[in-house]
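Take a look at the structure below.
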Amino acid sequence: NAGVTQTPKFQVLKTGQSMTLQCAQDMNHEYMSWYRQDPGMGLRLIHYSVGAGITDQGEVPNGYNVSRSTTEDFPLRLLSAAPSQTSVYFCASSYSGGGTEAFFGQGTRLTVV
Amino acid sequence: KQEVTQIPAALSVPEGENLVLNCSFTDSAIYNLQWFRQDPGKGLTSLLLIQSSQREQTSGRLNASLDKSSGRSTLYIAASQPGDSATYLCAVNLNYGGSQGNLIFGKGTKLSVKP
């Protein structure tokens, strides 16, 4: 019963570095998404995918890239990290998007210095 | 633009009290509403999911209601325990074509239950 698994749990980056946050789910969910959580701002949607090969932008997509080559995996790439991307990142999945329960990973705490 | 508001932002109660957390949203065109619990430094745990056609859902000591027309939901916690201490988040699922599945979150209510 792994559910939604995110790696790494913690990461420190220098400004300008790139990295990929990993997200995998083993529930055969079609819908996957990435959120960031900032103090005073709540959770905001970055990117989402309704199935393999299909991705779209959420509310705060700038500086992030995603792809969905398999149903199970939905990595989030930071192309050139900035201090404004310091945040806690959560990956979520649900069976079909609308109408079904969303499950979240444990989060990745990212600090950009 | 859909906005979700949770009141109060923080709540402290003695153990054993029944309590109500409130969530309001500005656009009634939602697919469903979900309540989550978040413990410090942890992920979100789903508590209850209410479809737009439903009025309430219950799980153990938790009961969530939904009044879509007035844009309100409440989470009722009966006989609160110190283990209920956490931040409770409300999120609505939009009902616009390809946006279904995109959750709009409130900022949460931080609950502290004192022994």
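For A:Met41, which of the numbered conditions (1) over 19 Å from B:Val92 (Cβ atoms); (2) hydrophobic (A, V, I, L, M, F, W, C); (3) open to solvent by 70 Å² or more (accessible area, probe 1.4 Å) fails to hold?
(1)
Which residues, counting only those in the range B:72-113, are assigned to a loop (DSSP other than H, G, I, E, B), facing chain A (nearest Cβ under 8 Å) and at pLDDT 95 or above?
B:Gly106, B:Lys107, B:Gly108
Would a scan of the range A:17-28 turn up a residue that is modelled with pLDDT of 95 or more, within 12 Å of chain B (Cβ to nearest Cβ) and buried (at least 21 other Cβ atoms within 10 Å of the Cβ)?
Checked against the condition, which is being modelled with pLDDT of 95 or more, within 12 Å of chain B (Cβ to nearest Cβ) and buried (at least 21 other Cβ atoms within 10 Å of the Cβ), the range A:17-28 yields at least one hit.
Please determine whether any residue of the range B:1-14 is surrounded by 13 or more Cβ atoms within 10 Å (Cβ to Cβ), more than 14 Å from every other protein chain (Cβ to nearest Cβ) and at pLDDT 95 or above.
yes
Name the pairs: first residue in the range B:54-71 and outside any loop (DSSP other than H, G, I, E, B), second residue open to solvent by 50 Å² or more (accessible area, probe 1.4 Å) and of a type outside the set (A, V, I, L, M, F, W, C), Cβ to Cβ under 6 Å, at least 6 apart or on different chains?
These pairs meet every condition: B:Asn63/B:Tyr76; B:Ala64/B:Gln57; B:Ser65/B:Glu56.
Taking the range A:54-99, which residues are within 14 Å of chain B (Cβ to nearest Cβ), in contact (Cβ under 8 Å) with a residue 40 or more places away in the chain and within 23 Å of B:Asn32 (Cβ to Cβ)?
A:Phe74, A:Phe90, A:Cys91, A:Ala92, A:Ser93, A:Ser94, A:Tyr95, A:Ser96, A:Gly97
Restricting attention to the range A:60-75, report how many residues are surrounded by 14 or more Cβ atoms within 10 Å (Cβ to Cβ) and farther than 21 Å from A:Met27 by Cβ.
Total meeting the criteria: 5.
Just one of the numbered conditions (1) closer than 28 Å to A:Ser87 by Cβ; (2) surrounded by fewer than 16 Cβ atoms within 10 Å (Cβ to Cβ); (3) within 11 Å of another protein chain (Cβ to nearest Cβ) is not true of B:Tyr31; which one?
(2)
Just to check your reading of the model, which residue among A:Met27, A:Met32 is in a loop (DSSP other than H, G, I, E, B) and of a type outside the set (Ser, Thr, Tyr)?
A:Met27
If you take the residues of the range B:15-28 that are at pLDDT 90 or above and more than 17 Å from A:Gly42 (Cβ to Cβ), which of them is farthest from the other protein chains (Cβ to nearest Cβ)?
Only one residue tops the list, namely B:Gly16.
Please work out which one of (1) assigned to a strand (DSSP E or B); (2) more than 10 Å from every other protein chain (Cβ to nearest Cβ); (3) in contact (Cβ under 8 Å) with a residue 24 or more places away in the chain; (4) open to solvent by 40 Å² or more (accessible area, probe 1.4 Å) is the condition A:Arg109 fails and give its number.
The number of the failed condition is (2).
The values are calculated or read from the model by the stated rules, or taken from the named source; none is laboratory data. Quantities reported herein were computed from a predicted structural model and do not represent experimental measurements. Positions of Cβ are backbone-derived with ideal geometry, glycine not excepted, and every protein chain shown enters the neighbour counts. Accessible surface areas use protein heavy atoms only, side chains included; no ligands, DNA or RNA. Shrake-Rupley method; radii C 1.70, N 1.55, O 1.52, S 1.80 Å.
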